Each structure stands twice: as structure tokens, then as C-alpha cells.
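The values are calculated or read from the model by the stated rules, or taken from the named source; none is laboratory data. Keep in mind the model is a prediction, meaning the values are calculated, not measured. Cβ coordinates were reconstructed from backbone atoms using ideal geometry, including for glycine residues, and neighbour counts include every protein chain displayed.
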Amino acid sequence: MNKLLCKVFVLLIMVSVPSAKAQDLASDTLYSPNKDFVITVNQKQNAGKKQLSYQVSFKGKPIVLESRLGVSIDNKLFESALAITNDTSQDWFENLNFTGVERLSKDERWKPVYGERSLIQDHYNQMVLSFEKNGEGKTPAGDGYDRRRSYQMQLIVRAYDSGVAFQYFFPENKNGLFMHITGEKTQFTFPQGTMAYYEPWAQGPYSLLPLTNWPGESERPLTLQLKNGVYVALLEAQMVDYARTKFKLSSTKKNTLETSVYSDVDAITPFATPWRVIMAAEKSGHLVEHNDLILNLNAPNKIANTAWIKPGKVIRSGLTTKDAKACVDFAAAHHLQYVHLDAGWYGPEMKVSSDASMVSPEKDLAMQELIAYGKSKGIGILIYVNQRALYNQMDALFPLYQKWGIKGIKFGFVQIGSNRWSHWLHEAVKKAAQYELMVDIHDEYRPTGFSRTYPNLLTQEGVRGNEEFPNATHNTILPFTRGLAGAADYTICYFDQRLKNTHAHQLALAVVMYSPFQFLFWYDKPSAYQNEPEIEFFEKVPTVWDQTLVTDGAIGKYITTARRSGQDWFVGSITNNEARTLTLSLDFLEEGKKYNASVYYDDPSLTSRTKVAIQRKVVDNNQTLEMILPAKGGQAIWLTPIK
């Protein structure tokens, strides 16, 4: 359960504007607490119409030039039914009347159930700009509806030390305003020469492209490199009851991205769109270190008792009792916490006739026997369920799985994108929490911070992981792009012959890629293990952390990530398809302490099949380590204090 760990400082300033005499908003500016970020919102006359726009700078450098704001709303059917005569053919966000601004500063710290850090600071300045759009309907008709009503809209803007965010909020209207949202007009205009890490779909490859001639839309988060040396990332937060967005190039404005919404959204006020988030940093690694901004933009934990939410390491099993028990034994011997039964245990996952309340008669799998065996060894059982079965049977399945003793469910092939399925998916996670079931969502779903509100959602795919055997360059892009959104179920492999990277690279991924459910040995069976000593690192490495640092990194080239759990530190360093030598400063270690360092590194001279050597040494925070990484290689380090 989250607890407030320090006093909250809140300052509220109300700028009063007489509501009877609305006035135009010329310009209003918000600074981050450290003054690095400045976001200015403008309302200007353009061709006789008032239009909203904004611009953002970071440390005095422009990062988002003047860009349009707005949501596309089409309420013609609703207004026609109420005999309202507004001209809904015009841009809803044009000619809004500014009615006031509220300012707020907040600084608090909160403790997540688990995460990349054990304490998160939520420190921001906020301004809420209020507008109204006058209705031109008839006089009241005695049926409770005021046809002379006005619509209200607020632009909520926050500035953190790591980025800025804004959302459109429509307060409760006395007539219960129905909203039919057909898209957004939100734009992001960048300086000339900006390059973007374009990715066409959630499990797609990356291409570094200029803001011209894209082959299609790009996924979010979208990380960009500006010519002025700043790294910028565009993200989405709190997308729970809305439609998924991507980014597309503007057809009318150069160097400009537009928010592309998957489908229409129907809503009733009060209603808020997801947050549009702009992060920036002078070093790409700082983006990773500050990715808790997305969690801060979500509601606090709503699960009162979280003792049953237990992150851990997972091995995937074959679908027989014999195979699964062998995995339980392997997990117990190598300090894993879960065994996962993947697709097919209840029958063909795509068929309506497959019943997820029972093991397929064609499978030699004794579920209750396996669960009991796992419990005797301290190993939990996770199961896969396709969305087809979840949609048809969820109300019966969740209480049944809890009765069986299942610890968690992997949702498979979920529908994503539309408002309908986004809402359904998050409601399914909530319902799973009622039955103390942890959740891993696979396929194209990408997180927007919902794990803060419902931490039983431990991880999700939405990543081109080891299941598809990406190369080392891809892996050195992921932390700075997909990793900004939250946990990624990368499904690490180790012994598979199809791996494109070294085995030390694979060890390091357990640190570089964050996932509270960390799937290891994805395509491997216990029989693949031949007493390789470096598996010690997988045995020792945790899946959640007290502190996270990116000590060095360059997108698409290399990254070194150091994470602390208790007093132990774990370091993962990987390079792209090129060899390189990196220097690791150990200044993050506690001063005055000595540490035993176990270094797991690639050694091509070894005759072992994995060619991973282990070096033991004593170190302190005044030392540096030279890391020699071969092409596609890596290095993993475990540092534990000497007592």
C-alpha cells in the first residue's frame, strides 16, 4: 500500500477574472520547479478566429516551436436531438473565451509497491486555463435542458523538472454534456534538422528518420534528437478510457508531428483526455532515469492490500505435468519464483469452443497436482489466457483461478487501439485485482502508467524482444524509447541457437530491460542447462529496484545501467553490433565500503559453449572498471558489500 512519506507543500493561487466579461488569453507561461522547462500557452487571432497554441523550451533552448492545441469534437447528433442551434461544423477549439487561470505547486514523495526506484518524487508546477464556448440555443423548454448553455473546457498544464505534460479536461456540465471526439489537433513542431527514432508498430524495428517522408505512423514513446543537442521524448500517460494514439507527419506544416487517434471516443463530462507528455534531457540516459514522470501522471494505488503482489523471475514450461514439474525443480534450484504455462493448455486459443476453465483433454497436464507441487517448492504458477476466452468467460474464470491457486495471468492477443477495447482491457485488470491475480499483457499493448493505480498489472509486452531475436543495435535503442513507457516483458533467452548476440549480452539484459515479471530462458528447457557457472547472475539478479542509474549511454550504440536492490548493485552493459571499450566509474557505491565484485564477461578464447568468464575482485567507490565489449557483446556485474 502506498504511503505518503513526507509533508506535501501545496500553494494555490487563484487569478480571478469576472465571468460576466470573458477576455482573450494573450499568453500564459509555466516554469518547472528548477526553471529548466518553460511552456507557454497562447491564444491568438488567426484569420479572424482565436486559436490555441503552445511552445516549450528546455534550458533556454527551443524544443517544441509554436504548435497547435485542440480536440476535434462533433456533437451534431446530440445537439440536434436537444434542438440546439450551435454551428458544430466549425473547429470546436476556435473562438473559446478565456475565463480564468489557477496555479498550483506540489511536492510530495510516494512509495510504489515495486518499481525501478523505491521512492518517487512528484514535484511540479501546474496551471489550469479555463475556457467556455457559448451556446446559441433556444430558451429553456421545461424539460430540464438549458438550450442557452455554455460548454466549459480546461487545459491542465504541468511542468516537472524532467518534462512537461498537458491534458484537455471537460468539467461536469449541468446538462450532462455528451462528447463525440473524432480526433485531436495537438501538434508538435520541432526545429529544422530534428531526427526521430521511428517505429511503425509496438513490436516493430526502429529507423532513425528526419521529419519527412515517413512510410506511416510512429509508435509512442517517440524519442527524437535535436540539432541543438537535446534529446526529446513524446509520450502518453493515463490512457485508460480513450483510444490509442500514434504520431504522424503533418501534411501542411514542416517539421511537425500530429497526434493521430486510433478511433472516435464517446464520453460524458466530466472527462479528461490522456496526458500528452514531452520529456527532454541533455543526456539520453537522463530520460531513462526520469521515466517515473509517467507514473506521476496517473492516479495513486487503489488496491488496499498488496501483500499478494509479488514480482519475480519466470521460466516458461512445456504443457505436460512432467515438463512443468521439471521447470518447478529448475526454478527452485536457481532462485526463480514462477513457472508459466503458455498458450494451448486449455485448447486452441483462437477457437470459441476452447474452454479456459479446464485443461484440454488432449493435454497430459494435471493442473491441481502441478500447483500443489509448485507450492511445496515455493514456486507459483502463471497461465496464459487469450482475450477470446477472457471476453467470453472472465467472470467465471477469475474466481476459479483464485480457487485453484493460480498466481497470475498473461493476457494474450488483446485487442488494442479503440476506446471500447482500451476500456475493456483496463477493466479486466481491475477485475483481476479483485481475485488477487497478477497480470502480464502480451502483444501490442504499451503502458501509460496504469500500474501505479493497479499494481497487479506487473508488466506487458509491446516490445520487439527475444521472441523475435533482434540484433544488438535494436537492444541499445530500446531503453531510450520503449523503456521510457514502463516495464517491458522482453522474454530473455539464453541457450537458444538463434540468438544474434553474445551470452554476456543476454545476462546484462536482465538489468538493462526492466520487468517485475522477468521471463528468463524463454525458449530454453531445464535440460539445456549444463552447469554453466555464469547462470549465477540470473540466480542473484532481482526484478525490482530501489535505485536506477544510467551511468553511460548513446542511443543505438551502447548503454550501461546500474540498479540497486538493498545494499547490492547490479550492472548491465551492452553494445551494438560494434566492439567498444567502456569505463565504468563505481562512484555510485557507498563511500567507505568494500564490495565483492563478480564480473561476467565475454571471453572468445574459452572452450565453453557460452564463452562467458567470471572474474572476482574487491572494489570500492573510488575505482573504475574497464569493460571490453566485443561486437554484439555485453557485461554483467554483481556488487555486494563485504560485511
Where a residue in the stretch 300-317 is free of Cβ contacts under 8 Å to residues at least 40 places away in the same chain and its partner, wherever it lies, is surrounded by fewer than 22 Cβ atoms within 10 Å (Cβ to Cβ), with Cβ under 6 Å and at least six apart: Ser317/Asp323
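What tally of residues in the stretch 263-277 results from selecting those that are under 20 Å from Ile156 (Cβ atoms) and either touching a His at 6+ places or on another chain (Cβ under 7 Å) or surrounded by fewer than 21 Cβ atoms within 10 Å (Cβ to Cβ) (or both)?
Residues flagged as under 20 Å from Ile156 (Cβ atoms) and either touching a His at 6+ places or on another chain (Cβ under 7 Å) or surrounded by fewer than 21 Cβ atoms within 10 Å (Cβ to Cβ) (or both) within the stretch 263-277 amount to 6.
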Qualifying residue in the stretch 551-568 (condition: in contact (Cβ under 8 Å) with a residue 40 or more places away in the chain and over 21 Å from Thr476 (Cα atoms)): yes
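Looking at the stretch 163-211, which of the residues that are in a loop (DSSP other than H, G, I, E, B) and of a type in the set (Gly, Ala, Ser) is surrounded by the fewest Cβ atoms within 10 Å (Cβ to Cβ)?
The initial filter retains those residues of the stretch 163-211 that are in a loop (DSSP other than H, G, I, E, B), namely 171-177, 185-186, 190-194, 199-206, 211.
Subsequent filtering for residues that are of a type in the set (Gly, Ala, Ser) retains 176, 193, 202, 204.
Numbers: Gly176: 10, Gly193: 12, Ala202: 21, Gly204: 14.
The qualifying residue surrounded by the fewest Cβ atoms within 10 Å (Cβ to Cβ) is Gly176.
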Residue within the stretch 294-301 that is within 20 Å of Ile371 (Cβ to Cβ), modelled with pLDDT of 95 or more and crowded, with 16+ Cβ neighbours inside 10 Å present: no
Total residues in the stretch 569-578, condition in contact with a helix residue (DSSP H, G or I) (Cβ under 8 Å, 6 or more places away or on another chain) and surrounded by fewer than 22 Cβ atoms within 10 Å (Cβ to Cβ): 1
Strands (runs of 3 or more DSSP E) completely within the stretch 254-346 that count 2 or more residues being small (Gly, Ala, Ser) and within 28 Å of Gly229 (Cβ to Cβ): 275-281
Residue within the stretch 219-228 that is closer than 16 Å to Arg482 by Cβ, touching a residue at least 40 places away in the same chain (Cβ under 8 Å), acidic (Asp, Glu) and in contact with a strand residue (DSSP E or B) (Cβ under 7 Å, 6 or more places away or on another chain) present: yes
So Gln518, is it surrounded by fewer than 15 Cβ atoms within 10 Å (Cβ to Cβ) and out of contact with any Cys (no Cβ under 8 Å at 6 or more places or on another chain): no
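For Ala487, are the conditions met, namely being under 17 Å from Tyr338 (Cβ atoms) and either polar (S, T, N, Q) or within 10 Å of the chain's Cα centre (by Cα) (or both)?
Against the criterion (under 17 Å from Tyr338 (Cβ atoms) and either polar (S, T, N, Q) or within 10 Å of the chain's Cα centre (by Cα) (or both)), Ala487 qualifies.
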Selected residue [at pLDDT 95 or above, over 25 Å from Gln518 (Cα atoms) and either part of a strand (DSSP E or B) or in contact with a strand residue (DSSP E or B) (Cβ under 8 Å, 6 or more places away or on another chain) (or both)] from Arg616, Arg564: Arg616
Test: Asn577 is in contact (Cβ under 8 Å) with a residue 60 or more places away in the chain and of a type outside the set (Gly, Ala, Ser): yes
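Here is a yes/no grid of residues against (1) closer than 27 Å to Pro221 by Cβ; (2) in contact (Cβ under 8 Å) with a residue 60 or more places away in the chain; (3) more than 19 Å from the chain's Cα centre (by Cα):
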| site | (1), (2), (3) |
| --- | --- |
| Pro361 | no, no, yes |
| Leu400 | no, no, yes |
| Gly405 | no, no, yes |
| Val414 | yes, no, no |
| Ser418 | yes, yes, no |
| Asp440 | yes, yes, no |
| Thr448 | yes, yes, no |
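Does Phe178 meet the test of being modelled with pLDDT under 95 and in contact with a helix residue (DSSP H, G or I) (Cβ under 7 Å, 6 or more places away or on another chain)?
So Phe178 passes the test.
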Hits in the stretch 521-534 - residues which are surrounded by fewer than 23 Cβ atoms within 10 Å (Cβ to Cβ) and assigned to a loop (DSSP other than H, G, I, E, B): Trp522, Tyr523, Asp524, Lys525, Tyr529, Gln530, Asn531, Glu532, Pro533, Glu534
Tally of residues being buried (at least 24 other Cβ atoms within 10 Å of the Cβ) and in a loop (DSSP other than H, G, I, E, B) across the stretch 497-515: 5
